[in-house]
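Below is one structure; the comments refer to it alone.
The values are calculated or read from the model by the stated rules, or taken from the named source; none is laboratory data. Note that the structure is a prediction, hence the values are computed from the model and not measured. A quick note on method: Cβ atoms are made from the backbone with ideal geometry, for glycine too, and the neighbour counts reach across all protein chains shown. Areas reflect the complete protein model, heavy atoms only, side chains present, ligands, DNA and RNA absent. Shrake-Rupley method; radii C 1.70, N 1.55, O 1.52, S 1.80 Å.
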Amino acid sequence: MSANTSRQPTGDSDLSSGPGQAAPSADGTPGAAEGATKVIDRSGRSAHRFWSSRRIPAALAALLSAAAVAFLLYDVVAVRAGRNAMRWRRRLAEELATRPLDDVWMIVGAAVAMALGLWLFLLAVTPGLRRLLPMRRPTGIPGTEDVRAGLDRRAAALVLRDRAMQVPGVQSAQVDVGRRKVKARARAHFRDLEEVRVDLDAELSEAVTSLGLARQPTLAVRVRRPKKG
């Protein structure tokens, strides 16, 4: 399309397409981004997120637990051997026996223990690795049933940004890729904003599909004029 400067808006006027809004194709029919929220894993299996091994939290929890148990076991063995219990254990037993439940330190200790337990529980039941997006599993190829691939969200954002910069009229573009939504913001220094938005929506819809993600994120495109200096 040719540049149209006569209809160029001034100021910070912008045009945006809502999440999941389908962009018209070249022949004027909608549907370029119609299946934006559909799972397209053609293997028939749901694509789950990658689980983080969480080596550092696991190692810290194991080391602290082992140190506490070893320290306590040493004191118990020393008492069984006829020696006096360590001062810290006698003091701890005395404090637990004499302090009321509504004491400030008892409440603080319980809150810290509850926070640590909740943190460990969340680490155990959540997959983590939010930066990796699961990709479609290959089908029709023997021996690839258990093959899994993931795409880094930053790499996906760079690919989409490069595709956005290929649209005529786009001066700059910023793309944020989430697990369920892709947000694209662009500045157009010539051409009509609506024309740029339609072309950008179609280009990015095709680019998102070509990424091969197991779950297609919705696409939201916003086009604005550059700010006047």
### Task
Among Phe121, Leu151, Ala184, pick out the residue whose Cα is farthest towards the positive end of the charge dipole of the stretch 88-229, where Lys and Arg carry +1 and Asp and Glu carry -1 on C-beta, about the Cα centre.
Ala184
### Query
With every protein chain in place, what's the accessible area of Met114 (1.4 Å probe, Å², nearest 10)?
140
#### Entry: With DNA, RNA and ligands ignored, accessible area of Asp152 (1.4 Å probe; Å², nearest 10)
40
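Take the solvent-accessible surface of the protein heavy atoms, probe 1.4 Å, and return the percent of it on the stretch 108-229 that carbon and sulfur atoms account for. Show your work: numbers first, answer last.
Numbers: 3880 of 6650 Å².
Roughly 58 percent of what the probe reaches on the stretch 108-229 is carbon or sulfur.
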## Note on the structure
Percent relative contact order for the stretch 72-158, counting Cα pairs under 8 Å at least six residues apart, stands at 15
#### Entry: Peptides 95-101, 198-204 ordered by average Cβ neighbours within 10 Å, highest first
198-204, 95-101
#### Entry: Net dipole in debye of the stretch 75-217 [+1 Lys, Arg Cβ; -1 Asp, Glu Cβ; about Cα centre; nearest 20]
660
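Could you list the trypsin sites (Lys or Arg not before Pro) in the stretch 117-198 that lie in coil according to DSSP, counting only those with at most 15 other Cβ atoms within 10 Å of their Cβ? Could the numbers behind the result be given before it?
Values: sites: Arg130, Arg131, Arg136, Arg148, Arg153, Arg154, Arg161, Arg163, Arg179, Arg180, Lys181, Lys183, Arg185, Arg187, Arg191, Arg197; in loops: Arg130, Arg131, Arg136, Arg148, Arg179, Arg180, Arg191.
Loop-located and lightly packed - Arg130, Arg131, Arg148, Arg179, Arg180.
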#### Entry: Amide N of the stretch 110-125 lying under 14 Å from the label point, which is placed 7 angstrom from the Cα of Ala58 along Cα→Cβ
123-125
